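Shown next, in structure tokens, is the structure this report addresses.
Please treat every number below as a calculation from the coordinates, not as lab data. Being a predicted model, the structure only gives us computed values, none of them experimental. Heads up, the Cβs are rebuilt from the backbone with ideal geometry, glycines too, and the neighbour counts pull from every protein chain shown.
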Amino acid sequence: MTVTLPLSSGGEYTLQPSKIIALGLNYLDHIKESQSVDVSKFTEEIPREPVLFAKTPNVLIGPGQEIILPAFVEHYGFANCRTDHEAELALIIRDRIKDLPAAQAMSHILGFTCFNDISQRNLQKEDKAGWFRGKSLDTFGPIGPVIVTPADIGDPQDLAISCRLNGRLVQDANTRQMIFSIPEIIAFVSKNFTLEAGDIIITGTPSGVGPLRDGDTVDVTIENIGTLSNPVRTEQ
């Protein structure tokens, strides 16, 4: 799946990542609410190093496209079938990097944008293999509305980040509240995996995650970037 977004510097960029690397538990308040999310491996312990998981490129959709709640999940008969929104700051890697020191990380970022890390909680909790399925279903990665270059973003470690569900404010934080900073994240990820141009790293969500339902509209807003808005539909 590809998504083409405008660049703040002019022109467009087509996202075709070889991988999407995500962080879990990177905001303290989200760690504190982890018991309500009821997912395996969520504890109140502050992680000693970034908690990584993958999302596959088929998740990507652009602004205004539908988030689809898959029908097959209902067939499991979960008592509380729950798929959540998670507002996040995403960064796109500019070039191939491996074992990059944190001090050099910012110069290898193409740009920043909004991301909604849609998460099917029942699968995320129940699958013995871990979070893979619950994080990588089709349409579970809205991204946009624009890629803002490092020259235009200001301080990416001091941006207001919020989520509104049907106009109601449900997440409200600032990227300065991250446990692991953006340079630390890039350095850690590149120590483990070679990153290619166009790869996406999403940097974790603050508290306030919650369930989506058919007919909802979910908006992720990040200061100096804009608002990523997507409708929600249950698959028939």
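Among 45-56, 201-212, how do they line up by average Cβ neighbours within 10 Å per residue, starting with the highest?
Highest mean packing first, the order is 201-212, 45-56.
Which ³J(HN,Hα) values in Hz, rounded to whole numbers, follow from the phi angles of the stretch 161-178 under the Karplus curve 6.51 cos²θ - 1.76 cosθ + 1.60, where θ = phi - 60° and Gly and Pro get x?
With the stated coefficients, the stretch 161-178 comes to 10, 8, 9, 10, 10, 6, x, 8, 5, 10, 10, 7, 8, 9, 5, 5, 7, 4 Hz.
Which ³J(HN,Hα) values in Hz, rounded to whole numbers, follow from the phi angles of the stretch 65-79 under the Karplus curve 6.51 cos²θ - 1.76 cosθ + 1.60, where θ = phi - 60° and Gly and Pro get x?
Coupling constants for the stretch 65-79: 7, 7, 7, 9, 7, x, 5, 4, 5, 4, 6, 6, x, 4, 4 Hz.
Near K55, within a Cβ-to-Cβ distance under 13 Å, what is the net charge of the other residues, with Lys and Arg +1 and Asp and Glu -1?
Combined, the nearby Lys, Arg, Asp and Glu give -2.
What dipole magnitude, in Debye to the nearest 20, does the chain give about its Cα centre under +1 on Lys/Arg Cβ and -1 on Asp/Glu Cβ?
That gives a dipole near 420 debye.
Sequence-distant or interchain residues sharing an amide H contact under 5 Å with I61, placed H: which?
So I61 has HN proximity to G141, I143.
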